[in-house]
Amino acid sequence: MQKITTISRIGRSLILKSWKIKLTLVFAAGCLGGLLNSLTVWLFGLTGITALFGVAIAPTLTPSWLYPRIVWGGIWGFLFFWNSWHKNSLSRSLLYGLFPTFVQLFIIFPFSTNKGLMGVELGRLTPLFVFFFNYIWAVSTALWLKSISNFQTSDRSSIISTNPINIPFYDSK
């Protein structure tokens, strides 16, 4: 009986550890996606691409603008924690990118920044740019998680692994 209890305790410990690792990795991947999203928004504003299409999105690259976007990217990254219900990473990214897009268009723009529903006061094509920028977040997050998954499932015979738990994030298919 003692042996079964010990095995059960070890099993629970490994499961808890794998969840902690996965939560940490999806948050970090979301932060990376938030950084790439932010740099894209900034570059589009800096080069005048958004202005060319009549959209007034041209932020300055400051820590006070960048840091919250990176943290929110990490928080949105938790969407990638549950991923077993869909096989295709890019179409999943398309779906996951819709969540922050809808929040930006239907909550942040109208209520927080007073830019109107869907940010139309910034320009008629604002919703398309918001969708595009959030899709960059989602794809970069998914690709980073996929690269981690590929590393974990690849041949590691020459690498000494300190993580005995193989946590598949994405199917390599």
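When segment 105-119 is examined, which residues are found to be assigned to a helix (DSSP H, G or I) and within 22 Å of residue 42 (Cβ to Cβ)? Selection gives 105, 108, 109, 112, 118, 119. Any residue at all in segment 27-45 that is exposed (fewer than 15 other Cβ atoms within 10 Å of the Cβ) and assigned to a loop (DSSP other than H, G, I, E, B)? No, because not a single residue in segment 27-45 is exposed (fewer than 15 other Cβ atoms within 10 Å of the Cβ) and assigned to a loop (DSSP other than H, G, I, E, B).
The residue pairs whose first member lies in segment 105-133 and is in contact (Cβ under 8 Å) with a residue 24 or more places away in the chain and among the basic types (Lys, Arg), whose second member is surrounded by 13 or more Cβ atoms within 10 Å (Cβ to Cβ) and not in a helix (DSSP H, G or I), and whose beta carbons are closer than 9 Å, counting only pairs six or more residues apart or on different chains, are 124/53; 124/55. Among the residues of segment 82-92, are any assigned to a helix (DSSP H, G or I) and surrounded by 14 or more Cβ atoms within 10 Å (Cβ to Cβ)? Yes, because at least one residue in segment 82-92 is assigned to a helix (DSSP H, G or I) and surrounded by 14 or more Cβ atoms within 10 Å (Cβ to Cβ).
Would you say residue 24 is under 16 Å from residue 134 (Cβ atoms) and assigned to a helix (DSSP H, G or I)? No: the conditions fail for residue 24.
Since every read-out is calculated from the coordinates, none of them should be taken as a lab result. Computed from a predicted structure; not experimentally measured. Counting neighbours? That spans all protein chains shown, and the Cβs are built from the backbone with ideal geometry, glycine included.
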